Structure formats: structure tokens, C-alpha cells
Amino acid sequence: MAKAGVTRTSLLVLLVVLFVKFCASDTVILNRKAAAGGRAVSEDGRYVIVFHAGGVFTMVHVFRFDENANLLKINGSLEVFHQAQKTISSYAEDPAAILSFVAPLLEKAIYAVPTNLQPETPVIFGAYDELYLLGEEKYEKILDVVRGLFSESPLLYKSEWVNILPAATQGAYLWESINYLMGNVGGDYSKTVGVLNQESASVQMAYAVSAKAAANAPKFPGGEEYITAHHIQSNNYYLYSHGYFPFGAYSVRTAILKYTNDSYTYCVTNGYNVQYNYYGEMYNVRAAPSGSSYEKCRANVLQALHLDATCYVENCTFDGAWNGGGGAGLEKIYLTNGFQNTGADVGITTHSKPSTDLRLLEYEKFAKVACGASTFEDAHNLFPSVPLFDLPYLCMDLVYVYTVLVDGFGIDPTKLVTAADSVPYGDSSMQIQWALGLALELISSNHTKMQDITNVFAPSRTFVQIV
């Protein structure tokens, strides 16, 4: 049966061609030798393969656990990890072409799993929510190509395991990853840390709440559930998690630019006049004749956050969303991905160590410096580590980070928070990513068989009883 214009036969033919070319490389020959030498034969356990299709890269993670969901090393590393500097959204007009990089990633992941365990090893493919911007017809064609590829693999596969990962679910899995690696899982929810994460198209907030708070969570007219139940290593947690789309690092630029009324903006470097293309929609970017201004840019950012949007309950953040009520689970806060990376670009944080403690006032201080740069050259001299394609928007980006954290999420700017790249674990460390959280939830599931799990992209509101 044909899928999205790509037949089963054409998928197989293309995969075979790619496989032959792939196997000819020295790298794969070495990987095969390593597998034959013991890794794929002697290292038992429970394996999970998770694809992470983001806004910049497409990655695959292979994790290995023992019967108690403890993370085990694979050939000396906490995970097998490979990536391609390509995004599936770039192939909306030619979906079959994504096999050129997804198929080799799949092959590398399969090599990491013992042959006898492959049929019971689940393979999951989570695409970022910005894929929605392509429209349902286009993104479903892309996902169908991946489904066709996975269905021909020796791995445990379900079609619903290839899907778009909602921002709220991504935030919850990120919370699980961080708190698991920190050793917080198993204790009271009050001993965990909250997570604020920024991706290219959305931001997320996730933290644990008490069972009482979960039971008393307000009902919303649209039926949205902000609190879901999660089972990790025989421990139950209720997590508040919400995703704000499109308020990510790149998508929010469009929201801010809308408040320039097609005139000039005070958020970009003096002399910068271009069209900003975001998923086919064009936005005029015209720098104000007087250059960027911290105060005037901040006014536009505050408008873009919709702080005055209708809120059906008390304690809202921005864009009309409930904040979960706060509490002990939000006492300690970790800032991840875009929040950390923007800080590292300007020197607030660093990539040279796992984490940096800071106060949000640092973002405000650097935002004022960036907005005060009179020219592109001036900005580059001040912040040489910022990528050139982001440099004209640095004033906007820093103002946004400070404003969304302080005015949007309501964090005290003097509060000490932690910006993190990775988390130490045993004698190693692991890069912060949501894929581990998803794998943990699969391994820790109360279901008797993994193949009984239906939708890993929509956690339950209540706990399933162990049978």
C-alpha cells in the first residue's frame, strides 16, 4: 500500500542503496567489528532507541537499563549518540530524501543493540512541534516515510511512536531526565528541581507538585490538562508541564516583529534591514534610525507575551496559561538549551563546565549592553562568540530571555538559578535532553509488556495500577 506518495518498494530499494553505501565506510566497518567483539553480544539489559528530530539537528540516542531502570553503560559510555546536521522540516517538498540521513542513523543505533534483544527494543521518533508549521499534509508525509523505514527494521515498532512531540510533553520528559541524573528520583517531590527550557519554536516550564495539588488542579474550558502522572523507577510523580508555542528562540522573533506595524524596530542592530523568513512567512526587519533601544525593545517584547490575555484561573504566566500554582517543586530552577546557550554566547554562562549558577539580572545587564551597540561591528567586538546570523537580533534575544523569565514566568530577578548543559552521573556526565526521560518512562512503565504502551507522546493524568 502506498504511503504519502512513496511506495513500500521504493522505500526498501532506497534503504538498500543507502545501506550498501553506508556499510562501505571505514566507520561502519569499525563499528561492526566493535559490535562483533563483544558489545552487541555480551551487554544484556533493556535497550531503548529514541530519535530526536529538532530544529537544527536530527539525533538518535541508544540507552541501556537494568531491570530496576538504572542506566547502564554501552561500551563504556552512558549512551550511544549520533547526529546529522539536517532537519526533517527542510524536506517538506521531498519527504523521501530524509532517508539519506535517517536511515544511516537507524543503522548505527541498531548496531548498538545485541541481535537477540532487537525485537524487544522499542524505537521512538519524536519531532519538534515546529513541524506543525508545515501543515498536516506535509508533516504527515514526512512522518510516514519514517514509519515506513522503521517498520522494516528488526526493532519493536508502533506507528504511533513516530509523531510530533508536544512541547508540554517534551518539558515533562526533560524534567525526568534532569532529576533522574541528579539522583532526585525516589525522594519527595519537594527535593526535585523545576525546569525552564527554550527550544527554537517553544518554551516549556515543568516541575513536580503534590498529589493534593494535582487533585485540586482547576478545570479549563478547552479541556487542557496541565498536570500529568509519571512513573519513574517505581516512584510516582505529578508534573505540571506547559509548552508555549510559538515562543521559542526563533519563532518569538516573528511575534515581536509583529508589533512594529511593518515599520522599524528598536530590537535589532542599527542599519540592519532584511526580510526574516520563518517557515515561508516573511517579516520585514527594519532597524530604527536611532538604533536599538533596551527600553523600547522591552516594550515590544512585553506586548508579544500577551500578559493581559484572558486567564480563567488565578496565577497565570503569560499568553493566558496557568502557572500550576508554584510550590516546593519550583524552589530550585534549572535553565536549559536556548536559555543556557544564549547566556554562553555572551559570557553569562559557559559550555566548559556542566552548569553555572546565576541571577537573572545578568541577562538584563548584558541585554542593555547589546542594545547599546551602535553598529554590527560594535556588536561583534563586544560579543565575538555570537553566531553572525544571530548577532543582529542579540538585543532582541537577550531582552526576550530576561523578560519571559521575569515578567512571563514570574521569577524573581535576584533569585539564584542554574543554567545547565549537562548533569554529572557517576563517573561520567550526560548532555541534557528529553530523550532519556522518554526512555525512562517506557522502561519504568506499569504495563506488563512494552508493546502494550500506546502513546508515549501523551502521558496519563492518573496512574495505571501494576498488574
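The values are calculated or read from the model by the stated rules, or taken from the named source; none is laboratory data. The model shown is predicted, which means the values in this text are computed figures rather than measured ones. Neighbour counts are summed over all protein chains in view; Cβ atoms, including those assigned to glycine, are modelled from backbone coordinates with ideal geometry. Accessible surface areas use protein heavy atoms only, side chains included; no ligands, DNA or RNA. Shrake-Rupley method; radii C 1.70, N 1.55, O 1.52, S 1.80 Å.
Of the DSSP beta bridges with both residues in the chain, give the percent that are antiparallel, rounding to the nearest 5. Present the calculation step by step, with values, prior to reporting the outcome.
Numbers: 50 of 69 bridges.
In the chain, DSSP labels about 70 percent of beta bridges as antiparallel.
Return the Rg/Rh value of region 65-132, two decimal places, where both radii are evaluated on C-alpha atoms and Rh is the Kirkwood radius. Before the final figure, lay out each step's value.
Details: Rg = 14.8 Å, Rh = 14.3 Å.
Reported Rg/Rh (Cα atoms, Kirkwood Rh): 1.03.
Could you list which residues have their amide H under 5 Å from that of ILE232, counting only those 5 or more apart in sequence or on another chain, with H placed in the peptide plane?
Amide H to amide H, under 5 Å and 5 or more residues apart or across chains, ILE232 pairs with TYR237.
At a probe size of 1.4 Å, how large is the accessible area of HIS242, to the nearest 10 Å²?
Only protein atoms counted, so the area is about 20 Å².
In what order, largest first, do HIS380, HIS231 sit by accessible area if the probe radius is 1.4 Å? Don't jump to the answer; show the numbers that get you there.
Working: HIS380 70, HIS231 25 Å².
Heavy-atom accessible area, descending, gives HIS380, HIS231.
So if I place +1 on the C-beta of Lys and Arg and -1 on the C-beta of Asp and Glu, and nothing else carries charge, what would the dipole magnitude of the chain be about its Cα centre? I want it in debye, nearest 20.
Numbers: 31 positive and 44 negative charges, 112 e Å.
Result for the chain is approximately 540 debye, rounded to the nearest 20.
Rounded to the nearest 500, what is the 222 nm mean residue ellipticity of the chain from helices alone, with -39500 (n - 2.57) per DSSP H run of 4+ residues and division by all residues? Can you show the working numbers first?
On the way: 13 runs with 139 residues, N = 467.
My calculation for the chain gives -9000 deg cm²/dmol from helical runs alone.
Return the tail of the calculated pair distribution for region 295-337, meaning the percent of Cα-Cα pairs more than 11 Å apart.
Working: 639 of 903 pairs.
In whole percent, the share of Cα-Cα pairs in region 295-337 beyond 11 Å is 71.
Just add up the charged neighbours of ASP308: K/R +1, D/E -1, any other residue whose Cβ is under 13 Å from the Cβ of ASP308.
Values: positive: none; negative: ASP319, ASP407.
Residues near ASP308 contribute -2 overall.
I need the phi-derived Karplus couplings for region 58-70: 6.51 cos²θ - 1.76 cosθ + 1.60, θ = phi - 60°, integer Hz, Gly and Pro marked x.
10, 10, 10, 10, 10, 10, 10, 10, 8, 5, 9, 6, 7
Using θ = phi - 60° and the Karplus form 6.51 cos²θ - 1.76 cosθ + 1.60, what ³J(HN,Hα) does each residue of region 270-280 get, whole Hz, x for Gly and Pro?
Along region 270-280, the couplings run 3, x, 8, 9, 8, 10, 9, 9, 10, 6, x Hz.
How long are the three semi-axes of the equivalent ellipsoid for region 180-325, computed from the Cα gyration tensor as the root of 5 times each eigenvalue, in whole Å, largest first?
Numbers: eigenvalues 284, 58, 34 Å².
Semi-axes from the Cα gyration tensor: 38, 17, 13 Å.
In Å, what Kirkwood hydrodynamic radius results for the chain from the alpha-carbon pair distances?
Details: mean 1/r = 0.0428 Å⁻¹.
Taking the inverse mean of 1/r over all distinct Cα pairs, the chain comes out at 23.4 Å.
Give me the count of lysine pairs in region 53-143 whose alpha carbons sit under 18 angstrom apart, restricted to pairs 8 or more positions apart or on different chains. Working shown, then result.
Values: LYS73/LYS108; LYS86/LYS108; LYS86/LYS138; LYS86/LYS141.
Step by step, the pairs that qualify in region 53-143 add up to 4.
Over region 329-454, how many pairs of lysines fall under 20 Å by alpha carbon, counting only those 8 or more apart in sequence or from different chains? Please report the intermediate quantities before stating the final value.
Details: LYS332/LYS353; LYS332/LYS415; LYS365/LYS415; LYS368/LYS415.
Lysine pairs meeting both conditions in region 329-454 amount to 4.
Counting other Cβ atoms within 10 Å, keep those with at most 16, restrict to DSSP loop, and tell me which trypsin sites (Lys or Arg not before Pro) in region 192-300 are left. Walk me through the numbers on the way to the answer.
Details: sites: LYS212, LYS219, ARG253, LYS258, ARG286, LYS296, ARG298; in loops: LYS219.
Loop-located and lightly packed - LYS219.
Based on the alpha carbon coordinates of region 284-426, what radius of gyration and maximum Cα-Cα distance (Dmax) apply, in Å?
16.3, 54
Please compute the contact order of the chain in relative form: average sequence separation of alpha-carbon pairs under 8 Å and at least six residues apart, divided by the residue count, as a percent. Don't jump to the answer; show the numbers that get you there.
Working: 903 pairs, mean separation 73.9, N = 467.
Across the chain, relative contact order equals 16 percent.
Residue by residue through region 154-162, which ³J(HN,Hα) values in whole Hz follow from phi under the Karplus form 6.51 cos²θ - 1.76 cosθ + 1.60 (θ = phi - 60°), with glycine and proline marked x?
Per residue, the Karplus-derived 3J(HN,Hα) values read x, 8, 6, 9, 9, 4, 6, 7, 10 Hz.
Cα centroid distance between region 281-302 and region 59-128, in Å?
41
Percent of accessible area on region 280-370 owned by carbon and sulfur, 1.4 Å probe? Walk me through the numbers before you get to the answer.
Details: 1910 of 4300 Å².
The computed percentage sits at 44.
For region 335-393 and region 177-250, what is the separation of their Cα centres, given in Å?
Here the answer is 28 Å between Cα centres.
Heavy atoms only, 1.4 Å probe, whole protein assembly: order TYR180, TYR272 by accessible area, highest first.
TYR272, TYR180
For every other residue with a beta carbon closer than 12 angstrom to the beta carbon of SER429, add +1 if it is Lys or Arg and -1 if Asp or Glu, then tell me the sum. Could you put the intermediate results ahead of the total?
Details: positive: LYS353; negative: GLU79, ASP421, ASP427.
With Lys, Arg at +1 and Asp, Glu at -1, the neighbours total -2.
Can you work out the accessible area per residue across the chain, with the rest of the protein chains kept in place, probe 1.4 Å, in square angstrom?
Working: 19530 Å² over 467 residues.
Per residue, the chain has an accessible area of 42 Å².
Run the simple label-point estimate for VAL313 and GLU137 please: 7 Å along Cα→C-beta, distance reported in nm.
3.9
Taking only the alpha carbons of region 357-425, what extent do you get along each of the three principal axes, in Å, biggest first?
Result, largest extent first: 38, 32, 15 Å.
On a 1.4 Å probe surface of the protein chains, which of LEU156, LEU416 comes out largest in accessible area, and what is the full order? Working shown, then result.
Values: LEU156 25, LEU416 90 Å².
Largest accessible area first, the list is LEU416, LEU156.
For THR265, which sequence-distant residues (separation of 5 or more, or a different chain) have an amide H within less than 5 Å of its own amide H, given hydrogens modelled in the peptide plane?
Those qualifying (amide H under 5 Å, at least 5 residues apart or on another chain) are ARG286, ALA287, ALA288.
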